[in-house]
Amino acid sequence: MSRLSVAVIGGGRTVEHDVSLASAASVAAALDASRYCVVRITIDRDGGWQDASGDVTGISDVIEVLRGCDLVIPLVHGRNGEDGTLAALCELIGVPYVGSGAGAGAIGMNKHVTKLVAESLGIRTAPAVLLDSASALDYRFSHPVVVKPNSAGSSVGVSLVTEAMQLPAAMAEALATDTQVLVEDVIVGREIDIAVMRGADGSVVVSPALEIEAVGLFDHDAKYGGDAVFHIPAVLDDDARSIIESAAVRMYEALGCCGVARIDFFLAPEGLVLNEVNTTPGFTAQSQVPRMFEAAGVPYAELLDLLIADALATRSEASPQLSLRR
């Protein structure tokens, strides 16, 4: 049986560049060489494209490479990737790809819009104010808040502000990453994440829940510094588990997600609170989503097989390929 040609794209013009490289390298290494021929593609920090040899390649050349593949796995986290950019490129050139489409990616990356979707479904979110560089100057501190870029991931630029004197630095850090800032009320509760995946037959699968145990804010350093502890499965009673799973699936469906998405919540005394939706979550073998499915008896390599099978089943009849003329 001939092998499938699979392009794995990592890097990107994003603050999550290094995280994306780790995801792409891990996925490329885990794909069964007897079944897949891996084509590694990297987007550098300046937006240039490189092939496996490190040679810089123009976008027209990259498109021809992608069109020669059976499937694309886009693993660029954050802006210019997870926000639907790479999904849109694959759609335009008619190549099947793993993960959510352009619409779901764009909504999931925008935390403010995600909140609007959640609230329309009756899913509680933290009270928040959306600011830009001008309106941020007028914001007045009245109680502890979390300041974060509106469209970014990996907890980059996220700050816990408990005193007014901390606010200017927190705003500046968030605005260094995005043009919009989300200032949220602090939610005190258990941090519970869950993954939702659509199978090749159209069924929806929910992973065991994961609880994050971290001291203080679960920021970028805590997330990747190794200090946080993940409890899988999270200890939940049947009612809490059912509520979390239902809310996660409803968000997945409402955004129109495909492949796998990670839905993050707080389980607070006042009830369940949505934190965010990640349509291209971290994907090393030690990342949260693979570890959640590992706990359900689905090894990392098998999880990749399932995602590929879903993409081929749902996107094999891709739109007509874009014709490039030179």
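Some notes on this structure:
- The modelled label-to-label distance between residue 51 and residue 286, using points 7 Å beyond Cα along the C-beta direction, is 3.3 nm.
- Rounded, prolate or oblate (a/c below 1.5 giving rounded, otherwise prolate when a/b exceeds b/c) for the range 4-99 by Cα gyration tensor: rounded
- Length gained on full extension, residue 18 to residue 253, computed as 0.36 nm times the residue gap minus the Cα-Cα distance: 81.6 nm.
- Backbone geometry of the range 291-306 corresponds, through the Karplus equation with coefficients 6.51, -1.76 and 1.60 at θ = phi - 60°, to 3J(HN,Hα) couplings of 5, 5, 6, 4, 5, 8, x, 10, x, 3, 5, 5, 4, 5, 4, 5 Hz, x marking Gly and Pro.
- Gyration tensor over alpha-carbon atoms, the chain, equivalent ellipsoid semi-axes in Å: 33, 24, 17
- Taking a sphere under 11 Å around the Cβ of residue 151 and counting the other residues whose Cβ falls inside, with K and R at +1 and D and E at -1, yields a net charge of -1.
- Using θ = phi - 60° in the Karplus curve 6.51 cos²θ - 1.76 cosθ + 1.60, the 3J(HN,Hα) couplings for the range 30-40 round to 8, 5, 4, 5, 7, 10, 10, 9, 8, 10, 8 Hz; x is entered for Gly and Pro.
- When the helices of the chain are scored as -39500 (n - 2.57) per DSSP H run of n ≥ 4 and the total is divided over every residue, the value at 222 nm lands at -9500 deg cm²/dmol.
- Along the range 182-199 the Karplus relation, 6.51 cos²θ - 1.76 cosθ + 1.60 evaluated at θ = phi - 60°, assigns HN-Hα couplings of 10, 10, 10, 5, 6, 9, 9, x, 6, 8, 10, 10, 8, 10, 10, 9, 9, x Hz to successive residues, with x for each Gly and Pro.
- Label-to-label distance, nm, for residues given as residue 203 and residue 163 (7 Å Cα→Cβ offset): 5.5 nm
Bear in mind these aren't lab numbers, they're just calculated from the coordinates by the rules spelled out. These numbers were taken from a predicted model, which means no experiment stands behind them. When we count neighbours, we look across all protein chains shown, and the Cβ atoms used for this are built from the backbone with ideal geometry, even at glycine.
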